[in-house]
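The values are calculated or read from the model by the stated rules, or taken from the named source; none is laboratory data. Keep in mind that what you see is a predicted model, and the values were worked out from it rather than measured. Cβ coordinates were reconstructed from backbone atoms using ideal geometry, including for glycine residues, and neighbour counts include every protein chain displayed. Please note that ligands, DNA and RNA were not included when accessible areas were found on the heavy atoms of the full protein model with its side chains. Shrake-Rupley method; radii C 1.70, N 1.55, O 1.52, S 1.80 Å.
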Amino acid sequence: MTSPPQIPHPRSQARNAQPAETSVTHGSAPLRLLVIEDDASDAQLIKAAVADSGTSIEIHWARGLEQATELLGAPPHGARRGRPRSTEFSCVLLDLAAPADLPHPSDASDGLEGLHELLRRAPHTAVVVLTDAAGAELGAAAVAAGAQDFLIKHETDGPLLARALRYAVERKRADESQRRLVEAELRGQENARLQRHLLPTPLLDGAGLSFTRRYRPGRRRALLGGDFYDAVRTDDGTVHVVIGDVCGHGPDEAALGVALRIAWRTLVFAGLTGEELLTTLQHVLEHERRSDEIFATLCMLVIEPGGSSGDLSSLGTCERARLYLAGHPAPLLLGRNHEPLTLPADLAGPALGLLPCHDGGAAWPAHELELHPGWRLLLYTDGLIEGRVGAGSRRLGQDGLADLIGDHQAAGLTRGRLVDSAIAEVEELNGGALTDDVAVLLLERNPVQLILG
């Protein structure tokens, strides 16, 4: 069969990287069109329609899918070495009567085997198909199979061709945007499920404690930040509580916080506690962090068994506890007189990861506590106290938080309402949402039943 008029052979085109034919309209970038056609008369019709379209269309030619694939993978004319390759054509015009040159057609009965293969090889390129006058149903089937539009030979003039090509390009662009949006939503849902499952479920059955927790990452659209917390009761009746903060706010810090929390729970159930546990946890941090500058603050509370049985005989019993601080704000002890007390921090040690354990500088001695009946402890990360107060540079601080909590207690707020109202006022004082991660735990002696708020 003779070659289509005035259109170079595809192999010479691929060598020279020259467009086959261009109808130029000054002031606009040409629409790059790849035509898959082996019939000379049909090629002449396409050329005449392009000349009559009044639109800038740059035609590239291929006789079949194999040659089309070569052109789809070739850099465009004028691309310089070393620059990103923009190989996609604006649109492909496929004659369904052109040979599909497939050694093993997947479905030769529907006449669309060439289209199926083209969509597989160029899934992100707009496709318009050509049919003869009797192939309108085949054209509709092609659109249903994934083409953006179909045209009928000998009934297609220049304006109709240009309009169909532009429509196909815009429809494909919209389809691609919708596809990316759906993929992003699915990834977001998967990430949310993953992050939600990485948040801990406290194991406090039989402890006779109420446990209220609030967790707000500083990163937008995130459920997990660098803050972490956990609470477990071991077989001997001891209650262990931890809250910590990995410096930074990104996904790496969130992952490290999860690793530290899981390691902490594992070490507790393995029988470690006190400085031995914190030393081991620092080794975990040193191996898991991405740089030597990463550190984590931590507050750990160990409540000894005694008044935690829930029996009436234990209601007036004081409890003993040990407090360990590693560069972390000390908890608030909430009294019945609505005057919260910040627990002493004079025995606090350095944050995990700041000093090597072997030089003796990294030590975390215990502060012994006596918890009177009806005690309540508020543990939190520094995101809650580093918010601004007013338009100046003054921060809320621990004293400001203690006053704020006391006011809310005096107003009769307890448990979840107390924590929520306190966070809301901190944000109001800050003039907006807090940028740092925030974790808050309210642990209370409740001899009747465990409450997770």
Residue that is nearest to Ala48 (Cα to Cα) [pool: residues in the range 145-164 that are open to solvent by 60 Å² or more (accessible area, probe 1.4 Å) and among the charged types (D, E, K, R)]: Asp157
Before we move on, is Glu117 modelled with pLDDT of 70 or more, open to solvent by 40 Å² or more (accessible area, probe 1.4 Å) and under 22 Å from Val169 (Cβ atoms)? no
Options Arg220, Arg216; residue that is touching a residue at least 60 places away in the same chain (Cβ under 8 Å) and open to solvent by 10 Å² or more (accessible area, probe 1.4 Å): Arg216
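Scan the range 373-421 for residues that are of a type in the set (Lys, Arg) and either open to solvent by less than 20 Å² (accessible area, probe 1.4 Å) or over 25 Å from Gly208 (Cα atoms) (or both) and jot them down.
Residues of the range 373-421 of a type in the set (Lys, Arg): 376, 388, 394-395, 415, 417.
Residues satisfying the conditions are Arg388, Arg394, Arg395.
For every residue, the table says whether it meets (1) of a type in the set (S, T, N, Q); (2) buried (at least 17 other Cβ atoms within 10 Å of the Cβ); (3) closer than 28 Å to Ile423 by Cβ.
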| residue | (1), (2), (3) |
| --- | --- |
| Ser210 | yes, yes, yes |
| Asp230 | no, yes, yes |
| Asp245 | no, yes, yes |
| His249 | no, yes, yes |
| Gly257 | no, yes, yes |
| Leu281 | no, yes, yes |
| Asp292 | no, no, no |
